[in-house]
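One structure below.
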Amino acid sequence: MADLSKLGRYELRRVLGKGAMGVVYEGFDPTIGRRVAVKTILKNAAIGEETARAYSALFAREAQAAGRLSHPNIIQIYDFAEERDIAFLVMEFIQGRELRSYFEAKEKFDAAETVRIMGELLDALEFAHQAGVIHRDVKPANIVLDAQRRVKLADFGVARIQESERSAAGTMVGTPAFMSPEQISGGKVDRRTDLFSAGVVFYQLLTGDQPFSGEGAWTVAKKIMETDPPPPSSVVKSVSPAY
């Protein structure tokens, strides 16, 4: 699939990243002369028919969720389509880095930038929540800082659209270290779920460490359900107790 040169009307210019299920390309929309990112999923038996269907459904859900959100701190979705054995999502092209990469490189954020980043993330979440969309997977890998280090919230693939939600409680969806207690227990989620996850990101911005860590998802989940992390000011002495 990495050798593709075109999907629909979109030209595929270079590979930006590869995963087990598909490839992300830098693309170009010749109709309006715009650079785009094209995220693909291969829907064939090589990854199993059931798995392929599940990932294709995630793509469709992301297109439906993020496609209704137009906000400067949310990555814009332009198009969703399927061609042959490939489902693809066309979105805003961002020159930047995931917040995760900053954390992995041990790069620090001062207090002013931390507050600005969190303000922009919360603005994006408030806008989504007002539109009836709960992200459910807020984490550093889904927060991109663009060339001006402005927040762009990405990946609404597991988002819950409130008025059309059909899945019952009891399904755990998200990334363990950033999950809220109700996600872990399979309970009902609402906007507070995203705020809990944003709080975990905030803690990591302040301290460089995740508040809940351990060997394996079960250990992390148990900590989230049963323990309070140490205050950031006790981890990093320069952090004000006001946080």
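The values are calculated or read from the model by the stated rules, or taken from the named source; none is laboratory data. In this text, all values refer to a predicted model and were calculated from it rather than measured experimentally. Here Cβ is always computed from backbone atoms with ideal geometry, including for glycine, and neighbour counts include all displayed protein chains. Calculation scope for accessible area: heavy atoms of the full protein, side chains included, ligands and nucleic acids excluded. Shrake-Rupley method; radii C 1.70, N 1.55, O 1.52, S 1.80 Å.
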Accessible surface ranking that places the most exposed of Ile74, Ile32 first, with a 1.4 angstrom probe: Ile32, Ile74
Ordered by residue, what ³J(HN,Hα) values in Hz, to whole numbers, does segment 228-243 give under the Karplus form 6.51 cos²θ - 1.76 cosθ + 1.60, where θ = phi - 60° and Gly and Pro are x? 9, x, x, x, x, 5, 8, 8, 10, 5, 7, 7, 5, x, 4, 5
If each DSSP helix of 4+ residues adds -39,500 (n - 2.57) and the sum is divided by the residues in the chain, what number results at 222 nm, nearest 500 deg cm²/dmol? -10000 deg cm²/dmol
Give me the percent of DSSP beta bridges within the chain that run antiparallel, rounded to the nearest 5. 95 percent
Residue (of Ile41, Ala217, Ala60) at the positive-pole extreme of the chain, dipole from beta-carbon charges: Ile41
Per the 1/(1 + (r/R0)^6) rule, R0 = 25 Å and r from the Cβ atoms of Trp218 and Arg100, FRET efficiency to 0.05 is 0.65
Report the gain in length on full extension from Ala57 to Leu122: 0.36 nm times residue separation, minus Cα-Cα distance, nm rounded to one decimal. 20.7 nm
Gained length - Ala147 relative to Ala242, 0.36 nm times residue gap less alpha-carbon distance: 31.2 nm
Mind checking the per residue accessible area of the chain for me, 1.4 Å probe, whole number of Å²? 51 Å²
Given charges at Cβ of Lys, Arg, Asp, Glu: segment 77-124 dipole, positive-most of Tyr102, Leu122, Ala81: Tyr102
Degrees, to the nearest 10: 217-226 long Cα axis against longest axis of the chain: 40 degrees
Return the carbon/sulfur percentage of the accessible area of the chain, one whole number, probe 1.4 Å, all protein chains in place. 51 percent
Relative contact order (%) - criterion: Cα under 8 Å, at least six apart; region: the chain: 14 percent
Accessible area (Å², 1.4 Å probe, nearest 10) - Phe59: 20 Å²
Spatially proximal aspartates and glutamates relative to Lys108 (Cα-Cα < 19 Å; intrachain offsets below 8 disregarded): Glu98, Glu120, Asp146, Asp209
What spacing in nm lies between the two simple spin-label points modelled at Glu82 and Glu226, each 7 Å away from Cα in the Cβ direction? 4.5 nm
Of the residues Leu99, Leu16, Leu153, which exhibits the maximal mean-square fluctuation in a Gaussian network model of the chain defined by a 10 Å Cα contact cut-off? Leu16
Taking 2.2 N^0.38 Å as the expected size of a compact globular protein, what ratio does the Cα radius of gyration of the chain give against it, to two decimals? 1.05
Compute the acute angle (0 to 90°) between the alpha-carbon long axis of helix 111-130 and the principal axis of greatest extent of the alpha-carbon atoms of the chain; round to the nearest 10°. 60 degrees
In straight Cα distance, which lysines are under 24 Å from Lys6, not counting same-chain residues fewer than 8 positions off? Lys18, Lys39, Lys43
